[in-house]
Amino acid sequence: MDYLSIKGPVRLEGEVEISGAKNAALPLIAATLLSDEPCTIENVPEVADIHTLLKLFGKLGSRFIFEDHTLTIDNEAIENTRATYEIVKTMRASILVLGPLLARFGHCEVSLPGGCAIGQRPIDLHLKALEQMGALIEIKNGYVMATAPEGLVGTRIIFDKITVTGSENIIMAAALARGKSELINVAKEPEVVQLCEVLAQAGVSIEGIGTDELIIHGTDRQPLKLDPFSIIPDRIEAGTYLCAAAITYGSITLNGVIADHLDAVTAKLHEAGCRIETEENSMTIYPAAKLKAFEISTTEYPGFPTDMQAQFMALATQAEGVSIIEERLFENRFMHVSELQRLGASIHLKGHTATLNGPIQLLGADVMATDLRASSALVLAGLAASGVTNLHRIYHLDRGYEALHEKLEKLGADIRRLKE
Ligand code: EPZ
């Protein structure tokens, strides 16, 4: 296994290219199951989660070429609708094939994803909505056995909780269902919006895109023809680099971003004393004179994203005063706390709230990645820490950050990827 060796402290300077959004690419690749013609998707990030989903697609019988960030995929020859535990257990977002497979083929067997480091991650809301659309769902031997022999039927669905992949699964199911679906309390993340835009471009009637209420008129199992499209920039990768600049008192420019997708993140960085200027599709961050403590409560989009919570906790170790971070979405998304404490951070945990005293001069140490965003928080802390930080189990990082250490190296970081 590889690990990252980071020598700090450093001050980042320069420009970084932001990749396509993993969490937009995953549902959009799943959406190609709604088509029986080849689809072309550009700006697909080269990250492990994409390769995992494509491995699953290969087992279903899909044919694809993925090179230089462009994916050409043809699902015409799919004859297998069973997504096995062997793959689903490595990436829970595989559950995104459930809605489209059921809508297009009338049957599928998808392994229950199981929990992950940050929480139990149930899919009850996905299943409840599909049943309301007429699906017969049985949980057997760890698999969701779903059938809809007469096709899915549009109906009114109110999500008890806002769920990103739950919304995406049901939007894709509704696209091929018979009749009208009214979806209430739908996630409004930019990744959900792009899914709706791509389906609308393919002729699916969708009203309310970007709001929490959608009206979708399905095609009654008529497969879609998806025009070529490009994945939106990764707002979480962008936010992570903004934090990398902020924590090192550096100044960097991010190219290929949509600043609007980062409003809650940039507002918090302003509060912490940084200054951010945005152009057409780039953003430049300037350092705070002195980072100031802040308060965060994670919530659904457009509120402060849970996927940026760990990165801001690393930043809070350098902020003057007492920072308070509340994690409202996941029950166990504080795995980075004990690793940050190994670097010397002063963090007090009470339930879902972390209280940090800063600034603290972090000292390099060996630390372990536990989940995707916790890993990036430890990289940020390593950039600010004095001495060498070795970050182990970086397969977590590889799931969602393309060429992270090369991009950081280009920004002036002293970072090397080595073999254990
Ligand atoms: C998506 O996960 C993202 N993953 C996550 O990003 C992100 O953290 C999360 O949304 C929240 O923004 C992808 O898009 C692939 P949810 P998802 O369903 O859809 C509860 C990353 O770092 N819930 O919105 O699985 C659930 O337990 C990843 O890239 C139910 O109770 O999250 C949680 O408390 C990590 N029942 C809350 O809803 C359900 O059926 C939000 O979960 C579904 C969800």
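The values are calculated or read from the model by the stated rules, or taken from the named source; none is laboratory data. Bear in mind the structure is a predicted one, so any value in this text is a computation, not a measurement. Neighbour counts run over all protein chains shown; Cβ positions are idealised from the backbone, glycine included. Quick note on the areas: whole protein, heavy atoms, side chains included, nothing else; ligands and nucleic acids left out. Shrake-Rupley method; radii C 1.70, N 1.55, O 1.52, S 1.80 Å.
Condition (residue is among the charged types (D, E, K, R) and within 16 Å of the ligand (Cβ to nearest atom)) applied to the range 147-164: is it met by at least one residue?
yes
Having 3 or more residues that are open to solvent by 10 Å² or more (accessible area, probe 1.4 Å) and not acidic (Asp, Glu) is the bar; report the strands (runs of 3 or more DSSP E) wholly within the range 38-77 that clear it.
Hits in the range 38-77: 63-67.
Under 7 Å between Cβ atoms, at least 6 apart or on separate chains: pull out the pairs that start in the range 120-139 with a residue that is at positive phi and more than 12 Å from the ligand (Cβ to nearest atom) and end on any residue that is open to solvent by less than 40 Å² (accessible area, probe 1.4 Å) and of a type outside the set (Val, Ile, Thr).
Pairs that qualify, where the first residue is at positive phi and more than 12 Å from the ligand (Cβ to nearest atom) and the partner is open to solvent by less than 40 Å² (accessible area, probe 1.4 Å) and of a type outside the set (Val, Ile, Thr), are 134/148; 134/152.
Looking at residue 111, is it within 11 Å of the ligand (Cβ to nearest atom), open to solvent by less than 10 Å² (accessible area, probe 1.4 Å) and in contact with a strand residue (DSSP E or B) (Cβ under 6 Å, 6 or more places away or on another chain)?
When the stated conditions are applied, residue 111 does not pass them.
Just give me the residues in the range 1-37 being open to solvent by 40 Å² or more (accessible area, probe 1.4 Å) and closer than 29 Å to residue 174 by Cβ, in sequence order. Show your work before the answer.
Within the range 1-37, the first condition is being open to solvent by 40 Å² or more (accessible area, probe 1.4 Å), and the residues that meet it are 1, 3, 7, 9, 11, 13, 15, 17, 23, 36-37.
Passing the criteria: 23, 36, 37.
Would you list the strands (runs of 3 or more DSSP E) that sit entirely within the range 228-326 and hold 1 or more residues that are more than 13 Å from residue 16 (Cα to Cα)?
It comes to 275-278, 282-286, 295-297, 321-326.
For residue 358, only one of the following conditions fails: (1) under 26 Å from residue 328 (Cα atoms); (2) within 16 Å of the ligand (Cβ to nearest atom); (3) in contact with a helix residue (DSSP H, G or I) (Cβ under 8 Å, 6 or more places away or on another chain). What is its number?
(2)
Determine which member of the set 182, 197, 168, 131 is surrounded by fewer than 24 Cβ atoms within 10 Å (Cβ to Cβ), within 24 Å of residue 80 (Cβ to Cβ) and not aliphatic (A, V, I, L, M).
131
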